[in-house]
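Heads up, the thing below is written out as structure tokens.
The values are calculated or read from the model by the stated rules, or taken from the named source; none is laboratory data. Remember, it's a predicted structure, so these values are computed and weren't measured experimentally. Glycine gets a Cβ as well: all are built from the backbone with ideal geometry, and neighbour counts include every protein chain shown. Ligands, DNA and RNA are excluded from the accessible area calculation, which covers all protein heavy atoms including side chains. Shrake-Rupley method; radii C 1.70, N 1.55, O 1.52, S 1.80 Å.
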Amino acid sequence: MNFLEERIIKDGKVKPNNVLKVDSFLNHQMDISLMEEIGREFRRRFSDKQITKVLTIEASGIGIACFVAKEFGVPMVFAKKSHSINIDSEVYIAQVESFTHKNINNIVVSKQFITAEDRVLIIDDFLANGCALQGLIGITKSAGATVEGIGIVIEKGFQIGGQIIRNLGIQLESLAIVDAMDAETGTVTFREQ
């Protein structure tokens, strides 16, 4: 069992409808030591890549992506879920359905922040159905940039997202893959990696 799986067992909470709450240490309140360890682990797993940008989606991925970007010594860019007046009019747009919030968002990234020269590492906290990742991949490709890999903190292995992304031929590294959860007992079963 790796450092993240141990933390999920210790502090994660399994809720009905396949919800795993990790907000006490990952995506609401953040354990900074854990974030540093996550950043180092993604750096190790993608050490053969020449990453120039780390890309994520607001909001939960931002903190994690910052620690990953720090490890690579590159900027972190996040896709915004709304087009505000302070963002340039030249943007890449993708439509993304949220598993957690059960809604559809247009995500946007200013064209000045991802270019054809970029080699992008996409980072996110969860992978369920893969919609957010597909949107981020689409934005990266629209820019003419290269998706070098995808780093996920927690993958729900019993949902289709991981298979969809792996079928695209992109290196996908998940720090913990949950194969099953039981809300009644609070148990989480991890896939051996």
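Between Lys102 and Ser47, the distance separating the two model label sites (each 7 Å from Cα on the Cα→Cβ line) works out to 4.5 nm.
Comparing Leu136, Leu127, Leu168 in a Gaussian network model of the chain, where Cα atoms under 10 Å apart are tied by springs, the biggest mean-square fluctuation is seen for Leu168.
Where both partners of a DSSP beta bridge lie in the chain, what percent of those bridges are antiparallel, to the nearest 5? All intermediate terms of the calculation are to be shown ahead of the outcome.
Values: 16 of 37 bridges.
Expressed as a percentage, antiparallel bridges in the chain total about 45.
Normalising by the residue count of the stretch 1-119, find the relative contact order in percent from Cα pairs under 8 Å and 6+ residues apart. Mind showing how you got there, number by number?
On the way: 146 pairs, mean separation 21.8, N = 119.
Averaging sequence separation for qualifying contacts and normalising by length gives 18 percent for the stretch 1-119.
Straight-line cross-link reach from Lys13 at under 17 Å between alpha-carbon atoms covers these lysines, not counting any fewer than eight positions away in the same chain: Lys21, Lys156. Counting Lys and Arg as +1 and Asp and Glu as -1, what is the net charge of the other residues whose Cβ lies under 13 Å from the Cβ of Thr146? The answer is +1. Backbone amide hydrogens, once placed in the peptide plane, bring Leu127 within less than 5 Å of Ile154, Glu155, Lys156, excluding anything fewer than 5 places away on its chain.
Of the residues Ala128, Leu4, Thr140, the one whose Cα sits farthest towards the positive end of the charge dipole of the chain is Thr140 (charges of +1 on Lys and Arg Cβ, -1 on Asp and Glu Cβ, taken about the Cα centre). A simple rule links phi to the HN-Hα coupling: the Karplus curve 6.51 cos²θ - 1.76 cosθ + 1.60 with θ = phi - 60°, which for the stretch 38-46 gives 4, x, 5, 5, 5, 4, 5, 6, 10 Hz, with x for Gly and Pro.
DSSP assigns beta bridges within the stretch 84-193; of those with both partners inside it, close to 45 percent run antiparallel.
With a cut-off of 11 Å on the backbone N, the residues of the stretch 133-153 near the modelled label site 7 Å out from Ile164 along Cα-Cβ are 133-136. For a straight C-alpha distance cut-off of 24 angstrom, the lysines reachable from Lys70 (same-chain residues fewer than eight places away being disregarded) are Lys49, Lys53, Lys80, Lys81, Lys111, Lys141. Beta bridges assigned by DSSP with both partners in the stretch 1-114 are antiparallel in approximately 75 percent of cases.
Give the carbon-plus-sulfur fraction of the accessible surface of the chain in %, rounded to a whole number; probe 1.4 Å, heavy atoms of protein chains only. Intermediate values should be presented prior to the final figure.
Values: 4460 of 9600 Å².
Ligands and nucleic acids excluded, carbon and sulfur give 46 percent.
Placing a label point 7 Å from the Cα of Lys15 along the Cα-to-Cβ direction, the residues of the stretch 105-128 whose backbone N falls under 19 Å of that point are 125-128. Between the stretch 113-131 and the stretch 1-79, how far is it from one alpha carbon centroid to the other, in angstrom? A separation of 13 Å, based on Cα centres. Working note: Karplus 6.51/-1.76/1.60 with θ = phi - 60° gives the stretch 173-178 the couplings 10, 10, 6, 9, 10, 8 Hz, where Gly and Pro are set to x.
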